[in-house]
């Protein structure tokens, strides 16, 4: 079977009608429909819109075609709303296509919404068996992998505690651990590397690498560009529901970043910006970069001062931390600027305001960089509340910082002045 086509997608499309409702299936909803439908019809006759029932159509996916051979790892990237999750739901038959067709040869498993089926009243042990059964694992298979699942999730002390008493992070770790131990011939994965803390994400990436090396076929949706580059042999780029690029990972990632990079204006409005998946709040309102004298700027020279200002809107006072992650255009993090590295906490009053981070002697080499901004609470256990990835883009030029020749590509990401001398003898 190696090398054979195991996934074939031909002109696949999915259309949704705005305002369309899922058919009622319960007695309560059926009775509700008997009451509500006449009211809606009366509103329409009176010239109302009855909640947008005739608001038009939207194509979440259209005209997408590709093939995947056995043992290949295909990455799927695109901005939020590009159609990535819709494509996976069509492939797993969660929803039906409006047009086109998709064929899958072999047993397929999916990691689309980890934790689906977890019951809060059941213990962690009981939920492992329940969730494993929902995902298609046999009881014998779950028993055989049980110890590995629990060890991977790191919840051994709480295994016989109802999951309603777990933190949200513990629940997600246990859910992913169950899903990660599926052994289908074809695995469909949707942004699973966004779960848990940094250490657990590293463990998830290692598990995905093991699956890829085992020769199984994988469709991998992620915003993690380094993971896409590391795991995938080919990458499909989606935009507005259509396939706009197909090729090798590095070229596809470069195409995606070039087409979707934030404007280098020195300021970005974050009120409508895409958040990191699972963000519980929307507190961040804008971000801007400035020179040391306060002038707004998007271009800097190595060695000068850069100010990052982050606007916020709070409903109540917050004992907070703030963080700026500096990454290259491929998504590799180069620097973390965090308020707790310099002070205990930021005491923010309710209402609007802004936070400033001052970076003296900027050491980045020539290139383009992206700033991700984050805010969180320091009341009790630190918890992130809002995060906007790739919120702003800056350019850095080395200039005469080193006092000699320019650094060549591949000689590093940071500049450091050094003094050289020579002497004779031992």
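Of the listed peptides 151-160, 324-333, 211-220, what is their order by residue-averaged count of other C-beta atoms within 10 Å, with the highest listed first?
Numbers: 151-160: 15.5, 324-333: 17.1, 211-220: 19.4.
Final packing ranking: 211-220, 324-333, 151-160.
List 14, 234 from most exposed to least, where exposure is judged by having the fewest other Cβ atoms within 10 Å. Walk me through the intermediate numbers first.
Details: 14 22, 234 17.
Exposure proxy ranking, most exposed first: 234, 14.
Quick check: pseudo-label points 7 Å beyond the Cα along Cα→Cβ at residue 411 and residue 254, how many nm apart are they?
2.2
Calculate how large, on average over all directions, the projected area of the Cα convex hull of segment 267-397 is; give the answer in nm² to one decimal. Walk me through the numbers before you get to the answer.
Working: hull surface 31.1 nm².
Answer in nm², one decimal: 7.8.
Kindly list the residues of segment 61-82 that lie in the label zone of residue 272, defined by a backbone N under 20 Å from the point 7 Å along the Cα-to-C-beta vector.
79-82
Apply the a/c threshold of 1.5 to the C-alpha gyration tensor of segment 115-183 and tell me whether it is rounded, prolate or oblate.
On the way: a/c = 1.63, a/b = 1.41, b/c = 1.15.
It comes out prolate by the Cα gyration axes.
If neighbour count is taken as other Cβ atoms inside 10 Å, put 89, 207 in order from fewest to most. All intermediate terms of the calculation are to be shown ahead of the outcome.
Numbers: 89 21, 207 17.
Arranged by neighbour count, lowest to highest, 89, 207 become 207, 89.
Could you rank the peptides 371-379, 343-351, 100-108 by their average count of other C-beta atoms within 10 Å per residue, with the highest value first? Before the final figure, lay out the partial values.
On the way: 371-379: 20.6, 343-351: 12.3, 100-108: 15.4.
Per-residue mean Cβ counts within 10 Å order the peptides as 371-379, 100-108, 343-351.
Where a number appears in this text, it was derived from the coordinates with a stated rule and is not lab data. The shown structure was predicted, so the numbers you read here are calculated from the model rather than taken from an experiment. Note that each Cβ is placed from the backbone with ideal geometry, even for glycine, and that neighbours are counted across all protein chains shown.
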